[in-house]
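Undergrad: I'd like to ask you about the structure that follows.
What follows draws every value from the coordinates through simple rules; no lab data is involved. Values in this document were obtained by computation on a predicted structure and should not be read as measured data. Cβ sites come from the backbone with ideal geometry, for glycine too, and all protein chains shown count toward neighbours.
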Amino acid sequence: MKSTEVTVVRIYLSEGHAQLDNLLKRLHDWEHVRGVSVFRGIAGFGASGELHTAKLVDLSFDLPLVVEFFDEPGKAAQIMEHLADAAKPGHMLSWTAHINESA
């Protein structure tokens, strides 16, 4: 199987902050990344230590969000630099991965 090295970038956000739409627009329209997924957490806490959950009783609108994208390493590094001011310190991480290619 042939594979290509990519960099996966994960950005942690909170639903309560209106960042998601702008971030997705930027990744799609400006950065033209290869793929993006958004995951909505059912529970989580951050620096405040306050636990946010998706219990039916709470119906919290401040749940954790994870935006994940991947692209070639050089491009991903440039995008991370562009997004440095958009993500809180310690809320954006990356790692190397391999995607499968057609034979």
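Undergrad: Of the options 47, 84, 96, report the single residue whose Cα projects farthest towards the positive end of the charge dipole of the chain (beta-carbon charges: Lys, Arg +1; Asp, Glu -1).
TA: Positive-most Cα among the choices belongs to 96.
Undergrad: List the residues, sorted by chain then number, that are 5 or more residues from residue 14 or on another chain and whose placed amide H is less than 5 Å from its amide H.
TA: Hits under the 5 Å cutoff: 65.
Undergrad: Taking DSSP loops as anything outside H, G, I, E and B, show the longest stretch in the chain free of GluC sites (Glu not before Pro) there with at most 12 other beta carbons within 10 Å.
TA: Numbers: sites that count: 50, 101.
In the chain, the maximal stretch lacking such sites is 51-100.
Undergrad: Follow-up question, since we're still on this one. Of all the stretches in the chain, which is the longest one without any exposed loop site, taking trypsin sites (Lys or Arg not before Pro) in a DSSP loop (any state but H, G, I, E, B) with at most 15 other Cβ atoms within 10 Å?
TA: With trypsin sites (Lys or Arg not before Pro) excluded where exposed in loops, the chain gives 56-103 as its longest stretch.
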